[in-house]
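All remarks here apply to the structure that follows.
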Amino acid sequence: MIKVIAIDDHPLVLKMIAEEINKEGDMRIVGTANHGSKLNALVREKSPDIVILDLGMSEGAFEPISAVQQLLQEHPKVRVLILTGNDSPAYIRDLTNAGVRGYVLKFEDLSLELPRAVRTIYGGQCFYSPASTNILLTESKLANSVLNDRELQVLRLVAEGHQNERISQIAGLSCKTVRNILSDIYSKLGIQGEVNQRVAVVNKARQLDLLP
């Protein structure tokens, strides 16, 4: 039996989750909470296999990415499934990087997607619902269409660890042109304010499948 807990600040959503999970023969809800602050305590008490977690808690102090990271540090065997109305691709990527194993949007057919998601991540695989998958694919395609061939060339050379002077030699460009191209890449991929923009842009490009 797959043991599941659910955290959501809407009582009706918690009731719906419990109904959908408990009607399945191989899983059951062992605990619920309506505050993110209760996450770790509930996991310690109930020892679940799966945590279904909402992002949009009404309590201002709850930060889902750091909450997931802390949870998985203390309970590395627990698998986290996000159930939310937030369709931001940045959130999907950041939570995946934090260790989330599944992402489902609340406007989808939860009677179908929730049991599938629970079984998939319990079995050791990741699960992204059809809507969240389409969001990531659309962003990746947009990024590919936004960067031109020269920008992709410079981006690949940055990923290989080359500095601007060496990139200018390889690509046959002036150092000023390389700097301008990099500035355009940062802007197009939404890299702003990071301490190390070169690392940030390479990580973002890999998330978008622009780099191997």
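Just so it is clear, none of the values below were taken in a lab; they were calculated from the coordinates. Computed from a predicted structure; not experimentally measured. Cβ: placed from backbone, ideal geometry, glycine included. Neighbour counts: every protein chain shown.
Under 5 Å between amide hydrogens, built in the peptide plane, is the criterion, and for Ile52 it picks out Ile5, Ala6, Ile7, Leu81 among residues at least 5 positions away or on other chains.
Here each label is just a point 7 Å from Cα along the line to Cβ, and for Asn196 and His35 those points are 3.9 nm apart. Pairs of Cα atoms nearer than 8 Å and 6+ residues apart set the relative contact order; for the range 1-98 it is 29 percent. Once you sort the root eigenvalues of the Cα gyration tensor of the range 2-132 as a ≥ b ≥ c, which label holds: rounded (a/c under 1.5), prolate (a/b larger than b/c) or oblate (the other case)? Verdict is rounded for the range 2-132. With the simple spin-label model, which puts each label point 7 Å out from Cα in the Cβ direction, the Ile65 to Ser111 separation comes to 3.7 nm. Residue separation of Ser187 and Asn97 scaled by 0.36 nm, minus their Cα-Cα distance, works out to 30.2 nm of gained length.
Could you tell me which of the pairs Lys3/Lys106; Lys3/Lys77; Lys3/Lys23; Lys46/Lys106 are separated by over 19 angstrom between their Cα atoms in the structure shown?
On the way: Lys3/Lys106 21 Å; Lys3/Lys77 13 Å; Lys3/Lys23 13 Å; Lys46/Lys106 25 Å.
Beyond 19 Å: Lys3/Lys106; Lys46/Lys106.
Is the shape of the range 70-212 rounded, prolate or oblate, going by the alpha carbon gyration tensor and its root eigenvalues a ≥ b ≥ c, with a/c under 1.5 for rounded and a/b larger than b/c for prolate? Show your work: numbers first, answer last.
Working: a/c = 3.08, a/b = 2.24, b/c = 1.37.
Because a/c hits 1.5 or more and a/b exceeds b/c, the range 70-212 counts as prolate.
Looking at the P(r) of the range 140-207, how many percent of alpha-carbon pairs lie beyond 17 Å? Don't jump to the answer; show the numbers that get you there.
Working: 787 of 2278 pairs.
Tail of the P(r) past 17 Å holds 35 percent of the pairs.
Taking Cβ atoms as reference points and 11 Å as the exclusive limit, the residues near Val43 contribute a net charge of +2, counting Lys and Arg as +1 and Asp and Glu as -1.
For the range 1-64, with equal point scatterers placed on the C-alpha atoms only and solvent neglected, what are the log10 I(q)/I(0) values from the Debye formula at q = 0.16, 0.18, 0.22 1/Å, to two decimals? With no solvent term, the Cα-only Debye profile gives -0.47, -0.59, -0.85. Gain on full extension, evaluated as 0.36 nm per residue between Asn134 and Glu24 minus their Cα-Cα distance, stands at 36.9 nm.
Here the range 154-180 is scanned for amide nitrogen atoms under 12 Å from the site 7 Å beyond the Cα of Arg206 along Cα-to-Cβ, giving 159-161. Short-range pairs are left out: with C-alpha atoms under 8 Å and at least six residues apart, the relative contact order of the chain is 14 percent. Distances between placed amide hydrogens fall under 5 Å for Phe127 paired with Gly102, Tyr103, all partners being 5 or more residues away or on another chain. For the pair Lys77 and Arg156, the difference between a 0.36 nm per residue extended length and the Cα-Cα distance amounts to 24.8 nm.
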